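Novice: Structure below; questions to follow.
The values are calculated or read from the model by the stated rules, or taken from the named source; none is laboratory data. All values derive from a computational prediction rather than experimental measurement. Virtual Cβ from ideal backbone geometry, glycine too; neighbours counted across all protein chains shown. We work out accessible area using only protein heavy atoms, side chains counted, and drop any ligands, DNA or RNA first. Shrake-Rupley method; radii C 1.70, N 1.55, O 1.52, S 1.80 Å.
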Amino acid sequence: MSLLEVKDLQVRVEEREILHGLSLTVNPGQVHAIMGPNGSGKSTLSHVIAGKPGYEVTGGQILFKGEDLLEMEPNERAARGVFLAFQYPVEIPGVTTWNFLHAALNAQRKARGEEEISSPAFLKKVREVAKSLNIPQDMLKRGVNVGFSGGEKKRNEILQMALFEPAVCILDEMDSGLDIDALRIAADGVNALRSPERAMVVITHYQRLLNYIVPDVVHVMSKGRVVKSGGKELALELEESGYAQFEDAA
Amino acid sequence: MPAVQETVERVRRIDVDQYRYGFETVIESDKAPKGLSEDTVRFISAKKDEPAWMLEWRLEAFRRWLTMTEPTWARVNYPKIDYQDLYYYAAPKPKKTLSSIDEIDPVILKTYEKLGIPLREVAILEGVEPPAGGEQTPSRKIAVDAVFDSVSVATTFKAELKKAGVIFMPISEAIREHPELVQKYLGTVVPTSDNYFATLNSAVFSDGSFVYVPPGVRCPMELSTYFRINERNTGQFERTLIIADKGSYVSYLEGCTAPQRDENQLHAAVVELVALDDAEIKYSTVQNWYPGNSEGKGGIYNFVTKRGDCRGRNSKISWTQVETGSAITWKYPSCILRGDNSSGEFYSIAISNGFQQVDSGTKMIHLGKNTSSRIISKGIAAGKSQNTYRGLVSAHRKATGARNYTACDSLLIGDKCGAHTVPYVEAKNSSATFEHEATTSKISEDVLFYCIQRGLSQEEAVGLVVNGFVKDVLQQLPMEFAVEAQKLISISLEGSVG
Amino acid sequence: MNVVAKTETGRALGDAFAVVRDRLPGKGKIADQRRAAFEAYERAGLPHRRIEDWKYTDLRVLMREVLPLAPAPDVAALSRAAAAVKAHGIDDAVRLVLVDGAFAPDLSDLGKLEKGLSIRALREVLDGGDGALSEQAFTSDTTNPMIALNSAMATDGVVIEVANGTVLGKPLHVVHVASGAAPVAMFTRSLLRLGRDTGATLVESYLAAEGAKAYQAHDGLVVAIGDNARLDHVRFVEDTVDAFNISSATVTLGAHAHFNTFGMTTGGHVSRYELTVACAGEHSKVETNGVNLINGKQHADTTLFMDHAVPNCASREIFRAVVDDRAHSVFQGRIIVRPDAQKTDAKMMTRALLLSDDAEADNKPELEIFADDVTCGHGATTGALDESLLFYMRARGLPEKEAQALLIQAFVGEAIETIASDALREVAIATARRWLEARA
């Protein structure tokens, strides 16, 4: 069974249709890249998968491990293993990263009927993960993303990904706002989390991210549809010839 | 449905009827006749076995009160209070003189137990870890002066305090045992003529706490009192007087809960703080009186006058409050910065829900040279409540070098509530430096979604964000209180998000 | 209520009103409105500190009484006024002059008005029986006693109408002049009506002829800005230091409208300017800015009331006060966001600079918010000039007053910069510079 299956998805935002019948099948262990110009609907897709309010699904379905994802509350999706690494992670003043991660992890465990993790055990776990990602301890004590640099915010997203051990990770424009060094660190973090059980969907405008996170499948999106799919060589092709050729195809 | 819309829906379903502390203790009580007259004042004074000067002081206040009118400037609406339809004194009937906690009426003890109030030492210390590092910090003990309705029924830690020279007792006792101290300080911060409610309090105050910390003494423990309004139609008129003599330090905690009632109950307390040279007083309040039911019926009317006088140079007074209860809150804990280099602080969290009305803030009155003050106010309005910050910062002609920083932030949950900010910034001195900033906004939907994507429920997400919003103030509370306050905020929000 | 003040001012004025009532323009409904307005004023008397909105400007103490109504200006008065107007001219503007509360057509530019522009004297409109226009000029409330008094006593003013689709090329300059004949009170009321898709610039000046001393200028302005219209408004109070200027402006905006206003007060012994702006149509934008530069024993009060009644409007307020000697500056700014006014974006910043130990500044910025999806905020600061900056400049060779002047110019600059018209911005800068030079 596929891990994530998007079938003929149609989505509107305030009367305007953004996705016009998008389909996508992601199997465990795979890394899919979704590329496309601005406004092609890439971020909309990631938001709808995660359940962000404000989008109206007018047709199609999303199955996650065979179950209807659209019927689930956003936090329920998270507990089942859908993780969205935000393009713009928000700042939450006054809430320490450490406290936030603990609350979120326990909420997920509780929802899955697992036992909550105690403070000391959690502390140990976070420290280990943080260390492996080169995240300094003091970052955990600061408010969630408050005063973080672009690179720190993205690393915080990857830290959460590592901690929550999701089944599907959607990385929305992970490279935006990162310089090449920060990008490499973030990509290393993501690569370390690749596993035969886990799938990743990497949404990006540029090919350069895919030099670091090498995809198994590349999809080109234009005007709310997948217009072409192929192997990693498709990304290189795009780099050379641009998106224009696909805009006519859409 | 957008996330915030859901929150709004939940706020509409708020069930403040399930007020956790709404139970009534059935005990016999000793009441003054209903209504207010010179006779009532004499009755109260006689009950307390007060000296003649005290009665005279009360009567003077009462006569003054008769000439005054109830203030109307605050943004609160309530039906007219019939002052003749209230009882002004109620005391649990004394069985005998108490020598230990065990002798307290078990019904009363039970009440405290339900409230989770740590009257016994063991309970107080249980589960409370010393702060990290644990160096020079005095042991985290709390002495509780429990005020049940109007009369103190138990005082713990008396012996240890006595050893340090700290006087901590019901003010009724202090009037008898330390008349020279009471006479010297009572009414010097909040004069009997101060305002309608304070004057009423001066005439009929029933009891409260008295603290005197002698020169150079750092009070060995946090002093704590819990108030409950229990008697039907009983006005509560607490009077608290705290004096920190030269170079001393004291931290005082005040917590309140009241059982549920249909009629509104009037509470008009007066708290006076005096800090002499180099002294420091920290006064913390957690207030969760009954806010009324989901139709806005019932609830406490809380008209409080709290004022601290930084009388000596280098003195410091710090107010911290967490206000979640009462149908009406009218409260402005203030600092008179009289001594040179003195400083005042006001940290406040005011949460209103249902039909609650809050009009609270502070006054920082800079009189001495190089005085400084700091105001951090966090208002959270939900349901159909109205939440107003009202604050005055003033520097007088001779207050050279006065400084103030004020930050007032308001958070709105739902579109049926109101959040208002009314600051008065008055400088009569060119060397005064005042900075004030205020913001009003709602919880960002993006932030809520981020939390929910990480697996938190809507309520958990709101709770987390609100706790982050008020963090700067929570940090000012003594540790034991901070935990209780955080719980209280969650309970208040539990009501507000379903 | 303060009975003494009422008999001192209210009663005497009541007699005066009875005497002048029949001389005041407008019959029938307008006369009834005037009577009702006067009664409203009489009930309240002069506002005092116990009335919240007048907390810092107690007219019973500061003004004590309302002076007798100014007589119509004679030839001598008009010629003194003409000289004063000349000295305060604004290039290329349509000048409209009111002397001692009466419209002076001979001193005004009524010839060759731009197409779509109509200008009449209030007296003419009231006597001519244009009911709708008269009523619009008198819509102001009776809850504010000073506006009520103005409604009761207004002798004249200008009524300006800009027809739909007209964008005026020249600014309109309304000049209020006190001729200085005797200690008198002048009451004026003006109306500006901007139709749909219009644009206009209105400048108001308050000044006095040579030798004028203690007088009272009571002015009321009513402005209606139509949909998709823009008004730029600049106001200069340059009355004598013995004069009282008690003015109000009530502005209503339609949808997609834009109102930019700037006020500068350098004159007057006591001045109070109460500006009420209501956003009645969505997607409107309001910028209200001001500078008070005062010294001696001046008292200047600017009170703003920004009313967001509908969604999606934005407002910005920038206010600066520079206070020297024993002067007293007051700023009250209330932003109200009514229950349905979602997506309101309102911000206010007020700052006071105190230049002397006896100077006084009171700031009362207020937020009153009944809608949740809003971004609102205000800030207020009070302080002296930055000593370290002053020292730095002096170490570079600048004399103290000059260094101060530079810093003060920078301080007020942020508010002055908001004036859209280059020419008017220059006038404001020059006025500020004159004030600073007089100080040096």
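Novice: Counting heavy atoms of the protein chains only and a 1.4 Å probe, report the per residue accessible area for the protein assembly as shown as a whole number of Å². Could the numbers behind the result be given before it?
Specialist: Numbers: 45310 Å² over 1188 residues.
Result: 38 Å² of accessible area for each residue.
Novice: Could you work out which residue, out of A:M200, A:M174, A:M139, moves most in a Gaussian network model of chain A, that is, has the largest mean-square fluctuation with Cα springs under 10 Å?
Specialist: A:M139
Novice: If the reach is capped at under 22 angstrom between alpha carbons, list the lysines near B:K306, excluding any in the same chain fewer than eight residues apart.
Specialist: Here the lysines satisfying the reach criterion relative to B:K306 are B:K184, B:K246, B:K282, B:K316, B:K331, B:K363, B:K378.
Novice: Pull up the cross-link candidates among the lysines for C:K297, meaning alpha carbon to alpha carbon under 17 Å and not fewer than 8 places away within one chain.
Specialist: Result set, ordered by chain and number: B:K428, C:K213.
Novice: Separate question: Separation of segment A:133-191 and segment C:414-432 by C-alpha centroid, Å?
Specialist: 49 Å
Novice: On a 1.4 Å probe surface of the protein chains, which of B:Y212, A:Y212 comes out largest in accessible area, and what is the full order? Intermediate values should be presented prior to the final figure.
Specialist: Working: B:Y212 30, A:Y212 60 Å².
The ordering from most to least exposed comes out as A:Y212, B:Y212.
Novice: Now for a different question. Non-local amide H neighbours of C:D219 (under 5 Å, H modeled in plane, Pro and chain starts lacking H): which ones?
Specialist: Here the answer is C:T188, C:I246, C:S247, C:S248, since their amide H atoms fall under 5 Å of that of C:D219.
Novice: Here's something else I'd like to know. Among C:I294, C:I369, C:I225, which one shows the biggest mean-square fluctuation in a GNM of chain C, springs joining Cα atoms closer than 10 Å?
Specialist: C:I369
Novice: Would the protein assembly as shown count as rounded, prolate or oblate if I go by the C-alpha gyration tensor, calling it rounded below 1.5 in a/c and otherwise prolate when a/b exceeds b/c, oblate otherwise?
Specialist: Cα axes put the protein assembly as shown in the oblate bin.
Novice: Same structure, new question: Looking at A:G41, C:V184, C:M146, which one has the Cα that reaches farthest to the positive end of the dipole of the protein assembly as shown (charges on Cβ: Lys, Arg +1; Asp, Glu -1)?
Specialist: C:V184
Novice: Another question about this same structure. Set the Förster radius R0 to 41 Å, insert the Cβ-Cβ distance between C:R433 and C:E124 as r into 1/(1 + (r/R0)^6), and round the FRET efficiency to 0.05.
Specialist: Numbers: r = 39 Å, r/R0 = 0.96.
Calculated value: 0.55.
Novice: Name the residue farthest towards the positive end of the dipole of the protein assembly as shown from the options C:V234, B:N302, B:A482, assuming +1 on Cβ of Lys and Arg, -1 on Cβ of Asp and Glu, about the Cα centre.
Specialist: Value: B:N302.
Novice: In addition: Could you work out, residue by residue across C:93-101, how many beta carbons of other chains sit within 10 Å of that residue's beta carbon, and then give the average as an integer? Before the final figure, lay out the partial values.
Specialist: Values: counts 0, 0, 0, 0, 0, 0, 0, 0, 0.
Partner Cβ neighbours, averaged per residue: 0.
Novice: Output the antiparallel fraction of DSSP beta bridges having both residues in segment C:8-281, as a percent to the nearest 5.
Specialist: For segment C:8-281, the DSSP antiparallel bridge percentage is about 10.
Novice: Rounded to a whole number, what is D in µm²/s for chain A from Stokes-Einstein with the Kirkwood radius over alpha-carbon pairs (25 °C, 0.890 mPa s)?
Specialist: 132 µm²/s
Novice: Return the percentage of antiparallel bridges among DSSP beta bridges fully within segment A:4-249, rounded to the nearest 5 %.
Specialist: Bridges in segment A:4-249 that DSSP calls antiparallel: roughly 55 percent.
Novice: Related question: Aspartates and glutamates near C:K55 by alpha-carbon distance under 12 Å, same-chain residues fewer than 8 away left out - which ones?
Specialist: Output for C:K55: B:E426, C:D301, C:D362.
Novice: A further question on this structure: For A:A244 and C:V167, what is the calculated FRET efficiency with R₀ set at 35 Å and r taken between the beta-carbons, to the nearest 0.05?
Specialist: E(calc), rounded to 0.05, equals 0.20.
Novice: Starting from the 7 Å offset along Cα-to-Cβ, what nm value, one decimal, do you get for the label separation of C:Q409 and B:E177?
Specialist: 7.1 nm
Novice: If you bin every alpha carbon distance in segment C:8-281 into 5 Å steps from zero, what whole percent lands in each bin?
Specialist: Answer for segment C:8-281: a P(r) of 1, 6, 13, 18, 20, 18, 13, 7, 3, 0, 0 percent.
Novice: Mind checking the dipole of segment C:8-281: about its Cα centre, +1 per Lys or Arg Cβ, -1 per Asp or Glu Cβ, Debye to the nearest 20?
Specialist: It works out to roughly 240 debye.
Novice: Further question on the same structure: Need the C-alpha centroid separation for segment C:81-98 versus segment C:290-354, integer Å.
Specialist: Rounded to whole Å, the Cα centres lie 29 Å apart.
Novice: Take the eigenvalues of the Cα gyration tensor for segment A:141-250, scale each by 5, and report the square roots as semi-axes in whole Å, largest first.
Specialist: Whole-Å semi-axes of the equivalent ellipsoid: 27, 16, 13.
Novice: Any idea what the dipole of chain A comes to, in debye rounded to 20, about its Cα centre with Lys/Arg Cβ at +1 and Asp/Glu Cβ at -1?
Specialist: About 700 debye.
Novice: Quantify, in whole percent, the carbon and sulfur part of the accessible surface of segment C:8-281 (1.4 Å probe; protein heavy atoms only).
Specialist: Details: 5280 of 10230 Å².
Exposed carbon and sulfur together represent 52 percent of the surface.
Novice: Sticking with this one: Given a 1.4 Å probe and the protein chains all in place, what does the accessible area of A:E197 round to, in Å² to the nearest 10?
Specialist: Accessible area, nearest 10 Å²: 130 Å².
Novice: Here is a further query. I want to verify a result. In a Gaussian network model of chain C, Cα cutoff 10 Å, which of these has the top mean-square fluctuation: C:A81, C:A36, C:A415?
Specialist: Among C:A81, C:A36, C:A415, the largest mean-square fluctuation in the Gaussian network model of chain C belongs to C:A36.
Novice: Output the relative contact order of chain A, whole-number percent, from Cα pairs under 8 angstrom with separation of 6+ residues.
Specialist: This gives 29 percent for chain A.
Novice: Towards the positive end of the charge dipole of chain C, with charges on Cβ (+1 Lys, Arg; -1 Asp, Glu), say which of C:G379, C:A121, C:A346 has the farthest Cα.
Specialist: Selected residue: C:A121.
Novice: May I pose another question? Does segment C:48-194 come out rounded, prolate or oblate by the C-alpha gyration tensor, with a ≥ b ≥ c the root eigenvalues, rounded set by a/c under 1.5 and, if not, prolate when a/b is larger than b/c and oblate if not?
Specialist: Here segment C:48-194 falls in the oblate category.
Novice: If each DSSP helix of 4+ residues adds -39,500 (n - 2.57) and the sum is divided by the residues in chain A, what number results at 222 nm, nearest 500 deg cm²/dmol?
Specialist: -11500 deg cm²/dmol
Novice: Then there's this: Counting only other chains, and only Cβ atoms inside 10 Å, what mean value do you get across the residues of C:357-364?
Specialist: Taking the mean over all residues of the peptide, I get 6.
Novice: Relative contact order for segment C:8-281: what is it in percent, counting Cα pairs under 8 Å that are at least 6 residues apart? Display every interim value, and only then the final one.
Specialist: Numbers: 664 pairs, mean separation 45.7, N = 274.
Relative contact order for segment C:8-281 comes out at 17 percent.
Novice: Roughly how many percent of the accessible protein surface of chain A is carbon and sulfur, given a 1.4 Å probe and a whole-percent answer?
Specialist: Of the solvent-accessible surface of chain A, carbon and sulfur hold 47 percent.
Novice: Give me the dipole magnitude in Debye, nearest 20, for segment C:297-440 about the Cα centre, with unit charges on the beta carbon: positive for Lys and Arg, negative for Asp and Glu. List each step's numbers first, then the result.
Specialist: Values: 17 positive and 24 negative charges, 68 e Å.
The dipole of segment C:297-440 has a size of about 320 debye.
Novice: Here's a follow-up. Go ahead and run the numbers for FRET between A:V214 and A:E67, Cβ-Cβ distance against an R0 of 30 Å, rounding to 0.05. Write down the numbers at each step before the final one.
Specialist: Working: r = 30 Å, r/R0 = 1.00.
Here the calculated transfer efficiency is 0.50.
Novice: Quick one: of C:K285/C:K347; A:K65/A:K125; A:K7/A:K223; A:K223/C:K343; A:K154/A:K232; A:K110/A:K141, which pairs are farther than 22 Å apart, Cα to Cα?
Specialist: Result: A:K65/A:K125; A:K223/C:K343; A:K154/A:K232; A:K110/A:K141 exceed 22 Å.
Novice: Could I ask something else about it? What does the average come to when, for each residue of peptide A:87-96, you count the partner chain Cβ atoms lying within 10 Å of its Cβ?
Specialist: Whole-number average of other-chain Cβ neighbours for A:87-96 is 6.
Novice: Starting from the Cα of C:D345, step 7 Å toward the Cβ, then list every residue of segment C:362-400 with an amide N under 17 Å from that point.
Specialist: Label zone hits: C:372-378.
Novice: May I pose another question? Decide, for segment A:17-70, between rounded, prolate and oblate: order the square roots of the alpha carbon gyration tensor eigenvalues as a ≥ b ≥ c, take rounded if a/c falls under 1.5, and otherwise choose prolate if a/b is larger than b/c, else oblate.
Specialist: The shape class here is oblate.
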